[in-house]
Amino acid sequence: MLTEVLKPGLRQYLVYFQYPKKSDRLGFWYWTRDIAIENKDGKRCFAISQHWYGGDSMSYRKVYSLNATADFAPIYHSETARGKTAAYNWSNTGIKGADSVEDNIKKGFDLSFTEPNLNWNLDIETFEMLPLAAGRSFWINFYDAGLEPPKYVLYKVTGSEQLSLMSGEKVDCWKLFSEGSSPQGPYTETYWISKKGHEFLKEEDSFSGIYRYKIKLPGTAPDLLPRFVNNN
């Protein structure tokens with residue numbers, strides 16, 4: 001895991017959905033993921049704050065995670081959606097609901113691990129730190145906090161492709177691919193990560209008859225919410 005390539009700063013993404021059976025509409029989200037370096041109980045950590053904005057307040061999600069800068073091991077994770085917060089203290093041996101978080105709906109949650117794992121909610125950051133190269137594959141033990149036990153997921157580098165940015169610049173990217181099945185049916189996921197800067201630029205997913213895309217917005221795009229709040 002190349003943790004040194006994960007740099008502090010704000011990332012912003014346009015997330016949109018296509019529904020082939022409803023070709024006259026699109027679903028949109030705006031995501032921000034802000035990475036900082038903090039000290040927690042004497043340990044140097046990545047502090048990652050996420051905000052997911054949709055078409056109404058019911059779509060909004062706030063996420064905050066702490067991970068060790070040395071190996072990206074999860075330390076803490078919380079999610080707030082629809083007015084309810086789920087918060088966890090996370091280690092290599094298990095995950096427990098955080099007692100110190102007021103009104104934590106997962107306060108009694110307790111799951112032991114047989115081996116260390118990574119936070120599936122931080123897949124974008126994880127992929128940026130992989131030592132990608134032609135022909136390489138990665139079995140990643142991911143865990144989605146509060147759900148079923150961790151499981152290994154296979155990600156394969158299937159080739160490379162140049163993406164055209166808004167400026168017209170072409171960026172050479174590795175393509176990382178995964179597929180599997182869920183209770184809703186089969187799915188596929190493809191990620192484009194720049195070879196030079198380890199930058200997550202694009203994602204295409206297919207699941208449940210839906211297509212989802214994530215596109216990283218350029219650095220010139222403002223963080224929309226603070227601008228709106230500061231002007232009103």
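The values are calculated or read from the model by the stated rules, or taken from the named source; none is laboratory data. Keep in mind that this is a model prediction, so the values were computed, not measured. Please note: Cβ atoms are built from the backbone with ideal geometry, for glycine as well, and neighbour counts cover all protein chains shown. Side chains are part of the model used for accessible areas, which takes the heavy atoms of the whole protein and leaves out ligands, DNA and RNA. Shrake-Rupley method; radii C 1.70, N 1.55, O 1.52, S 1.80 Å.
In segment 9-56, what residues are touching a Ser or Thr at 6+ places or on another chain (Cβ under 8 Å), under 19 Å from Ser78 (Cβ atoms) and surrounded by fewer than 14 Cβ atoms within 10 Å (Cβ to Cβ)? Across segment 9-56, the qualifying residues are Ala36, Ile37.
Look through segment 180-221, keep the residues that are touching a residue at least 40 places away in the same chain (Cβ under 8 Å) and farther than 26 Å from Leu2 by Cα, and return whichever of them is surrounded by the most Cβ atoms within 10 Å (Cβ to Cβ). The residue in question is Arg212.
Condition (residue is in a strand (DSSP E or B), open to solvent by less than 50 Å² (accessible area, probe 1.4 Å), among the aliphatic types (A, V, I, L, M) and under 18 Å from Phe200 (Cβ atoms)) applied to segment 58-73: is it met by at least one residue?
yes
Leu147 meets the conditions (1) of a type outside the set (Lys, Arg); (2) over 29 Å from Pro74 (Cβ atoms); (3) not in a strand (DSSP E or B) in every case but one. The failed one is (2). Within the option set Ile48, Ile105, being within 30 Å of Met1 (Cβ to Cβ), at pLDDT 95 or above and aliphatic (A, V, I, L, M) holds for one residue only, Ile48.
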